[in-house]
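Colleague: There's a structure below that I have some questions on.
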Amino acid sequence: PAMAILDETDSGLDVDALRVVADGVNRVQEQRGTGLIVITHTIRLLRLIPPQWVHVLGDGRVVAEGGPEIADVIEASGYETLIGDRSAAQPAAAQP
């Protein structure tokens, strides 16, 4: 395929299995030039499949984007650093 989407591929994998999956993905990407969209909530997979770009979604929109350093910011400080206090943006409950 020209493009592959990996949606939380790291979910439920132990360290050894994650390496096997990442090695296979990297091999396909290198040999066939397949583009990747990798969806993950942790940096573990991104350490094995290094991203060129990182996009962070919050409340259905892109709240941050940039290079791999964005993943390092999230790992060090959490998503709040990029997303901010989302509780303030929640709409008030509808009044009857």
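Colleague: Kindly indicate which of GLN52, GLN31 is out of contact with any Lys or Arg (no Cβ under 8 Å at 6 or more places or on another chain), surrounded by fewer than 10 Cβ atoms within 10 Å (Cβ to Cβ) and in a loop (DSSP other than H, G, I, E, B).
Modeller: GLN52
Colleague: Criterion first (loosely packed, with under 14 Cβ neighbours inside 10 Å and within 16 Å of the chain's Cα centre (by Cα)) does GLU8 satisfy it?
Modeller: Yes; evaluated as a whole, the condition is true for this residue.
Colleague: On the basis of being open to solvent by 60 Å² or more (accessible area, probe 1.4 Å), at pLDDT 90 or above and assigned to a loop (DSSP other than H, G, I, E, B), does PRO91 make the cut?
Modeller: So PRO91 does not fit the description; no.
Colleague: Now a separate question. Residues in region 61-69: is at least one open to solvent by 50 Å² or more (accessible area, probe 1.4 Å), hydrophobic (A, V, I, L, M, F, W, C) and assigned to a helix (DSSP H, G or I)?
Modeller: no
Colleague: Scan region 42-55 and report the pairs whose first residue is over 17 Å from ILE5 (Cβ atoms) and whose second residue is open to solvent by 30 Å² or more (accessible area, probe 1.4 Å), with Cβ atoms within less than 6 Å and a gap of 6+ or a chain change.
Modeller: If the second residue must be open to solvent by 30 Å² or more (accessible area, probe 1.4 Å), the pairs left are ILE43/GLU75.
The values are calculated or read from the model by the stated rules, or taken from the named source; none is laboratory data. As the structure is a prediction and not an experimental result, all values here were calculated from the model. Glycine also receives a Cβ, built like all others from the backbone with ideal geometry; neighbour counts cover every protein chain displayed. Protein only, heavy atoms only, side chains kept; ligands, DNA and RNA dropped before computing areas. Shrake-Rupley method; radii C 1.70, N 1.55, O 1.52, S 1.80 Å.
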